[in-house]
Amino acid sequence: MKTKIITLESHDDLISVRDRMSWAKTPRILLVAPKFEKIALRQVDLKVLQRHASSLGAQLGIVTRTRRVRVDAESLGIPVFESTGEAQKEAWAQSPPKRLTRKPPAKNLREKREQVQVREEAWRAHPATRLGAFIVGVLSVFAIVALFIPRAQIRLQPITETQSIVLPVIANESTESVFVTGNIPAREKRIILDGAQTVVVTGEGVVPQSKATGVVVFRNLTSNAVTIPAGTIIEAARDALVQFVTLEDGIIAAGVGKELEIPIEAVESGAIGNLPEDSLIVIRGALGLSLSVTNPEPTEGGREQSSVQASDADRARAKELLTKSLDEDARIKFLNDVESGDILFDKTISVSQILLEDYDPPAGAAGTTLTLTMQVEYSARYASASDLTQLVSLALNASLPSGFLPASANMDIESVGVPVLSEDGSARWQIRAERQIIQSVDPAQITTLIRGLSVDEARSRLDESFDWESQPEISMFPSWWKWIPLLPFRIEVVVE
C-alpha cells in the first residue's frame, strides 16, 4: 500500500507537521523521527495529528526509538515501527473505533436545578430601591447631556499696536545674502537698446574719380625665362600704400638684362596714383628675386573731385546725440522694468558694451547727411523688494515686544532719502518700515481659565486677566444654557 513518508526535524512543531501532512494523497502517512533528533511532539500533538490524518482518509504511523514517543503513540493506537522498511513490510494494526455510551438523565434533575437557583434578596425588589435606581439613571443621562451637548464660542479681539523702525541700508555687489545689520545684495539688471541718429554733414573732402595708369619695364636678373602673371603687385619705394597691378600676362626672355614692358593700373582711385618716373621699383612676392622693375615715364590719369563729406566732428556729434537719447531711453526702461518695491540706483546706469556702431555713408564717401545706427547694452544696479522685505522682517522680529505677534505678513516700507553711491560702489540710504502687531493669545489657556464657569463669570474672568480691544463675546449652544462646557473640545476660541 502506498505510504507517504515525512521525515521530522528538530524544529518541527504541531503546525508545521500538520501542514506537511495536508499534502499527502496516500492511504498511509508515516512520520519518521531521526535517531539523534529530539522531537518536541507531546501526546496531545500526536492525537491532533492522528485526527488530521483520519480527516484526510489516511492512517497515521510513526518510526521512532524514543521511549516516551513510543509509549504515547501506542496509547493512542498509532502503529509504531523500528524502521521505514519494517513499516512498509508489515501490516498496520487498525485501532478500533471508540463507542460513546449514552447515560440516561438523572431522575432528580429538576430538584437539583431548583436547589442551584439563587433567590433575589427582598430589599432589591422593594419599590423604593427601584425608584432610586431609576432616578440615578435619569440623572446620569442628564449628566452626559450636560457634558457633551453644550458648545461655547469665545470671540476675542486682542490689543493691536503699530511697530515701526528706521533702518540704514547698504547695498553692495559683493554681498550675497541679507543681514540684519542692513547689508543686502545689489542686484544687476541689463537691457539692450537700438537707435539711429541722422545729422546734416558739415565737412568737405575729395572723392576719387579715376585711377592712374602707366607702363613699367621688367628686367630679368636670371638666365631663365620668367612668367609675369596679370595682377602682379608693384609698389612705390617710399609709400607702400600706393600700389599698382599689371593688366596682362607676360613672359620675359631668358638671359640677364632681358626686358619686357607691361601696362599697369593703380589699385586705388584718385590723384595719389600720379607718380613721377622711376618711383615704382618694388615687386611684391617671389618675382622680386628674379626681376627688377621701374616706370620709365610718370603715371597719370588719377583724378579727384571736391564734395561734401562727413568729418570726424560730424561723426562725434551724431554719436553724442544718439548716446544721450539712448541714455534717457535706458533710464525710462529700467524704471518700467523693475518690480514694484524695487529701488533703482539711477547713477549706476551705464553702458556695458557697444554691440553695433555703423555710419552711413562710411568715412571718405560723399553725402549731405550722416546716419549713425547703434546697438548698446546698458547695466544698472538696484535693491530688490524681496531683499528689503526680508531685511525689514528680520529687524522687526528682533525688536518685537514680548507677548506680541505679527498681525499679518503685510509691511509698509518706504525710503527715507535718495540712495547715495560711495567710493566703493555701494549704495547707502535709510528706509522706514511699519506693521501691525497683535497681543498673543493662547486658546488652550483661555479654555482652561473659563471652563465650567457661568457665562457672566467667564466674561468677568477674561476681563480681569487680559486687556482687549472690545469686550469678549460668548455664544452658547443651546442659547438658554448658562455654563461654559467642562470638556475643552466643546469650547471654540476665535481670535479676530
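Computed from the coordinates by the stated procedures, all read-outs in this text should not be read as laboratory data. The structure displayed is predicted, hence computed values, not measured ones. Positions of Cβ are backbone-derived with ideal geometry, glycine not excepted, and every protein chain shown enters the neighbour counts.
Which lysines have a Cα less than 17 Å from the Cα of Lys89, not counting those fewer than 8 places away in the same chain?
Partners found: Lys2, Lys4.
To the nearest Å, what is the center-to-center distance of region 289-329 and region 155-183, using C-alpha atoms only?
The distance from the Cα centre of region 289-329 to that of region 155-183 comes to 62 Å.
Cβ under 14 Å from Gly403's Cβ, Gly403 left aside: what net charge do those residues give with Lys, Arg +1 and Asp, Glu -1? Numbers along the way, then the final one.
On the way: positive: none; negative: Glu161, Asp442, Asp467.
So the environment of Gly403 carries a net charge of -3.
Can you work out ³J(HN,Hα) from phi for every residue in region 409-416, in order, using Karplus 6.51 cos²θ - 1.76 cosθ + 1.60 and θ = phi - 60°, giving whole Hz and x for Gly and Pro?
Ordered by residue, 3J(HN,Hα) equals 7, 6, 9, 9, 10, 9, 7, 10 Hz.
R0 = 56 Å: FRET efficiency of Ala143 with Met1, Cβ-based, nearest 0.05?
It comes out at approximately 0.15.
I need the per residue convex hull volume for region 405-453, using only the alpha carbons, in cubic angstrom as a whole number.
Numbers: hull volume 4.9 nm³, N = 49.
Once divided by residue count, the hull of region 405-453 is 100 Å³.
Using R₀ = 51 Å, calculate the FRET efficiency as 1/(1 + (r/R₀)^6) where r is the Cβ-Cβ separation of Met411 and Asp312; round to 0.05. Mind showing how you got there, number by number?
Numbers: r = 56 Å, r/R0 = 1.10.
Efficiency at R0 = 51 Å is approximately 0.35.
Within region 326-409, report the chymotrypsin sites (Phe, Trp or Tyr not before Pro) that DSSP leaves as loop and that have at most 11 other Cβ atoms within 10 Å.
none
Please turn the phi angles of region 174-183 into ³J(HN,Hα) values with the Karplus equation 6.51 cos²θ - 1.76 cosθ + 1.60 (θ = phi - 60°), one per residue in order, whole Hz, x for glycine and proline.
7, 7, 9, 9, 8, 10, 5, 6, x, 7
Hey, which aspartates and glutamates would be in cross-link range of Lys47, C-alpha to C-alpha under 20 Å, not counting anything within fewer than 8 residues on its own chain?
The qualifying aspartates and glutamates are Glu9, Asp12, Asp13, Asp19, Asp72, Glu74.
Tell me, Met476, Met1, Met374 in order of fewest to most beta-carbon neighbours within 10 Å?
So the residues, fewest neighbours to most, are Met1, Met476, Met374.
Divide the volume of the convex hull of the Cα atoms of region 206-306 by its number of residues and quote the answer in cubic angstrom per residue.
79
Go through Leu14, Ala40, Val69 and say which Cα lies farthest out towards the positive end of the charge dipole of region 3-89; charges sit on Cβ, +1 for Lys and Arg, -1 for Asp and Glu.
Among Leu14, Ala40, Val69, the one farthest towards the positive end of the dipole of region 3-89 is Val69.
Restrict the search to region 160-258; then list the GluC sites (Glu not before Pro) that DSSP places in a loop and that have at most 11 other Cβ atoms within 10 Å of their Cβ.
Glu176, Glu248
What is the magnitude of the charge dipole of the chain about its Cα centre, with +1 placed on the Cβ of each Lys and Arg, -1 on the Cβ of each Asp and Glu, and no other charges, expressed in debye to the nearest 20?
Charge dipole of the chain: 8280 debye, to the nearest 20.
What value, in deg cm²/dmol to 500, does the helix sum -39500 (n - 2.57) over DSSP H runs of n ≥ 4 give at 222 nm once divided by the residues of the chain?
-8000 deg cm²/dmol
Could you give the length gained by full extension between Thr222 and Ser465, i.e. 0.36 nm per residue of separation minus their alpha carbon distance, to one decimal place?
Result for the pair: 75.2 nm of gain on full extension.
Straight-line reach from Lys324: which aspartates and glutamates have Cα under 19 Å away, leaving out those fewer than 8 places along the same chain?
Filter leaves Asp194, Asp312, Asp314, Asp346, Glu357, Asp358, Glu377.
Whose amide H sits under 5 Å from the amide H of Arg151, counting only residues 5 or more places off or on another chain, with H placed in the peptide plane?
Here Phe477 satisfy the definition.
From the phi of every residue in region 382-396, what ³J(HN,Hα) in whole Hz does the Karplus formula 6.51 cos²θ - 1.76 cosθ + 1.60 yield, where θ is phi - 60° and glycine or proline is x?
Running phi through 6.51 cos²θ - 1.76 cosθ + 1.60 with θ = phi - 60° gives 8, 9, 6, 4, 5, 5, 5, 5, 5, 4, 4, 4, 4, 5, 5 Hz.
If r is the Cβ-Cβ distance from Thr160 to Leu321 and R0 is 56 Å, what FRET efficiency results, to the nearest 0.05?
0.45
Is the C-alpha gyration tensor of region 3-89 telling us rounded, prolate or oblate? Criteria: a/c under 1.5 is rounded; beyond that, a/b larger than b/c is prolate, otherwise oblate.
Working: a/c = 1.30, a/b = 1.15, b/c = 1.13.
It comes out rounded by the Cα gyration axes.
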